[in-house]
C-alpha cells in the first residue's frame, strides 16, 4: 500500500501513539509555512515610552472614563486572575446596564490584527480605543470634550500626561488618551508553547497537540486561521458552506450595505482561544468543542470526527499564553 507524506505520518501515529522525530520535523516545517511566531514588539510600539505605557495602563483600568464611573476598558477586557482579555460573557453590559450586541474580543496581541472590531471598522488600536468610551451602550460619554474635561480635572492625570506627552499642548486631549491606552495594549504580548515549536523546539508540543496541529492543517482550518495570530487578518462569510443559525447580525453589511458583505466578519484570532469562551461574534457558542464542530460544518462542509475534534482542541490549547495555561479547565 502506498501513502502520501501525511498518510505515512497518520499510520505512524495510529500504530505507535506518538509522532516520530522525523515526522515532527516535517510537521514543524509545514507549520512554518502557514504560521509565524509572535515578534517581540507590536507595530507602533517604537514611540511607546515607559511613561506613556504607565499612563495607558492607568486609563485602561479607570472607570472614570465612563459616564457614571462604573465602566472601564478592563470591565469587558479583563486581564486579572487568568482572564484572557475578555469577560467570558456572550455579550457585555455597558455603563447603564444596556447589553451590547457582539461578543467582546480579546485585547491580547490585538495590535497585530489587520483591523479592530468584528467588522474591522477601526484601523488600529488607537482608533479602537476611541470607540467604546463614546459608545452610548458601552461607556456612554457624550463627546470627546466631556472626556477631556473630566480627565483634566484630575491632578494626577495632569502630571502623567505632561510626562507621557512632553512639550505637547494641550497634553490632555482625546487623541492622547487613545494613544496612551494603545501603548499599554501593545505590551499585552502572550507567547505560547506553539511559538517555541515554530522556533525549533520539537518537544514544545506533546503528541496530542502535534496530532491536533496535523489535523488543523489537513482539514484546512489554516485557509482562514494562519499568520502570527492564527487568524485576525482576513474577512470571511460565516456560513460559507452551510448557513449559520443566527442571521440577525449581518456583519460588515451593517456598515457597507453591500450585498457581498452579508454575514462577513473578521476571522477571529485563535491565540488564547481556550480561555475566551463563549465564541463567535454573538457569543452563542458555549464551548470550544462546539466551536470546532460548527466551524467544520459552516466553513468546510465537514463533519469532524470525535477524534479530530479532540486533537484539534489539544492543539488550540497549546496556543495559550504560558502564564495563563494553568487556568485552562
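Using the empirical formula 2.2 N^0.38 Å as the baseline, the Cα radius of gyration of region 137-191 reaches a ratio of 1.26. Max-minus-min Cα coordinates of region 169-214 on each principal axis give 57, 17, 11 Å, with the largest extent listed first.
Sorting 126-133, 74-81, 176-183 by their mean Cβ neighbour count within 10 Å, with the most densely packed peptide first, gives 176-183, 126-133, 74-81. Percent of Cα pairs in region 254-310 per distance bin of 10 Å, from zero to the largest separation: 19, 46, 28, 7, 0. Taking the inverse of the mean reciprocal distance over all distinct Cα pairs, the Kirkwood hydrodynamic radius of region 107-201 comes to 15.2 Å.
If R0 is 45 Å, the Cβ-Cβ spacing of residue 46 and residue 259 corresponds to a FRET efficiency of close to 0.65. Inter-label distance, residue 145 to residue 69: 2.4 nm, where each label sits 7 Å from its Cα along the C-beta direction. Ratio of Rg to Rh for the chain: 1.01 [Cα atoms; Kirkwood radius as inverse mean 1/r over pairs].
In the chain, helices alone account for a calculated mean residue ellipticity at 222 nm of -11500 deg cm²/dmol, with every DSSP H run of four or more residues adding -39,500 (n - 2.57). Considering only 200, 283, 120, the Gaussian network model of the chain with Cα springs below 10 Å gives its largest mean-square fluctuation to 200. Between residue 155 and residue 81, the distance separating the two model label sites (each 7 Å from Cα on the Cα→Cβ line) works out to 3.4 nm. Put one equal scatterer on each alpha carbon of region 172-329, apply the Debye formula with no solvent term, and list log10 I(q)/I(0) at q = 0.09, 0.19, 0.21 1/Å to two decimals. Computed log10 I(q)/I(0) values: -0.34, -1.25, -1.41. Just to be sure I understand the model, the point goes 7 Å from the Cα along the line to the Cβ. What's the resulting residue 307 to residue 201 distance in nm? About 3.0 nm separates the two model spin labels.
Per the Debye formula with a single identical scatterer at each Cα and no solvent contribution, what log10 I(q)/I(0) holds for region 45-185 at q = 0.13, 0.16, 0.17 Å⁻¹? For region 45-185, the Cα-only Debye profile gives -0.53, -0.82, -0.93.
Here the contact order of the chain, divided by its residue count and restricted to Cα pairs under 8 Å and six or more residues apart, works out to 21 percent.
Laboratory data are not the source of any read-out in this text; all were calculated from the coordinates shown. Worth saying up front: this structure is predicted, and the values here are computed from it rather than measured. Note: ideal-geometry Cβ built from the backbone for every residue, glycine included; neighbour counts use all protein chains shown.
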